Amino acid sequence: MNSNTAAVDFEKEYSPSLNIKRFRNYEKPYEKVVQHFISHGKAATTLAFRSHKVRENVRYGGLTDNQLVDIIYNDSEFGSPIFAYIHGGYWTSLDKSSSGTFVGPLLEQGYRVLLVDYNLCPTVTLEQLCEQIRNFFKWLQHYAKETQPSSISICGHSAGAHLLCQIFNEDFLRQQQPELYAINHLFLISGVYDLRELWKLTCCNENNKLGLDAVRAEQLSPLCWPYNKKLLLLHNKQDLQVHVMVAENDSATFIKQSQSYADKLKLMELKVDYKIFNDYDHFNIIEDTAIANSIVSLYIKEKLNLK
């Protein structure tokens, strides 16, 4: 069987830890890379909390659930630019306690960083989780009106990038007041934008933890959405720039979806750049944001027009 007809191993394609090239001297490198990612993130978050001012567990929605955000800043929340981060974990794992790798380098540049939490599946369905993230966007608009940031950027990694795409959801946009829609940059990192294959897979939806079927999987896939160009342009008064990023050592499927989603957004006349980061994988593309002069950090700084 040649390469053109070989069956695709979708379980491997949608399992980021199986596509890494690091930790090969370990018996189970796919477990080690995840352990390293979590411990690295927790260490960076702990350091950030010790080194800066923090408002923890600010509620953006709900009453007693995980619709919470931590706000980390230097001297004052007022006026400083905002960088919000939505973590990944295939909608079923991780939380804001390991999401602070961006904090140090960005606070050195005068930013405040928001670490976003949400309820994990199967506590909620993926549909409900997406609604929570839309609650965060609504809260963010009002928080920005109160604290007057010079700019707003939002970043999502992996499943977090999928959640960030809710910003383009047509029903959500129709509910918003354009004058409050003041977001300047979106960073979509190693995201998953089409759920039509993965919802059937054990690696990311064992026992259907996401609460999906074929219809819902398509409805929740940003690559399948019929975007309303006029509506997007109405809300794009802040010259929004979208940065679609993916790692060289992500799977071919992740890379293809990132390219396809960047192309889709370009058709909507949005300002989009697409970049594959050589030598990076699904995990260290985030880990290295803790290093101010890393390739990925320098790229983000360049897009934010930072020195």
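The values are calculated or read from the model by the stated rules, or taken from the named source; none is laboratory data. All values derive from a computational prediction rather than experimental measurement. All Cβ positions, glycine included, derive from the backbone under ideal geometry; neighbour counts span all protein chains shown. What goes into the accessible areas is simple: the full protein's heavy atoms, side chains included, and nothing from ligands, DNA or RNA. Shrake-Rupley method; radii C 1.70, N 1.55, O 1.52, S 1.80 Å.
Points worth noting:
- Inter-site label distance for N278 and E146 at 7 Å from Cα along Cβ, in nm: 4.7
- Among P226, P149, P29, the largest mean-square fluctuation in a Gaussian network model of the chain, built with springs joining Cα atoms closer than 10 Å, belongs to P226.
- Placing dummy labels 7 Å off each Cα toward the beta-carbon, the span from A252 to N305 is 4.1 nm.
- Descending by average beta-carbon neighbour count within 10 Å, the peptides 90-97, 166-173 line up as 90-97, 166-173, the highest first.
- Pairs from the table (K138/K275; K200/K275; K138/K230; K138/K301) lying more than 24 angstrom apart at Cα are K138/K275; K200/K275; K138/K301.
- Contact order relative to length of the chain, as percent, for alpha carbon pairs under 8 angstrom and 6 or more apart: 19
- Accessible area of the chain belonging to carbon and sulfur atoms, whole % at 1.4 Å probe: 48
- Our estimate of slack between I291 and K53, defined as 0.36 nm per intervening residue step minus the Cα-Cα distance, is 83.6 nm.
- Peptides 132-142, 185-195, 264-274 ordered by average Cβ neighbours within 10 Å, highest first: 185-195, 132-142, 264-274
- Label point at E206 placed 7 Å out along Cα→Cβ; residues across the range 112-134 whose backbone nitrogen lies under 20 Å: 120-126
- Using the alpha-carbon positions of the chain, Rg (one decimal) and Dmax (whole number) come out as 18.5, 63 Å.
- Residue-normalised accessible area of the range 33-76, expressed per residue, 1.4 Å probe, Å²: 56
- Per residue solvent-accessible surface (Å²) - the range 162-307, probe of 1.4 Å: 43
- Value at 222 nm in deg cm²/dmol, rounded to 500, when DSSP H runs of n ≥ 4 in the chain each add -39,500 (n - 2.57): -10500 deg cm²/dmol
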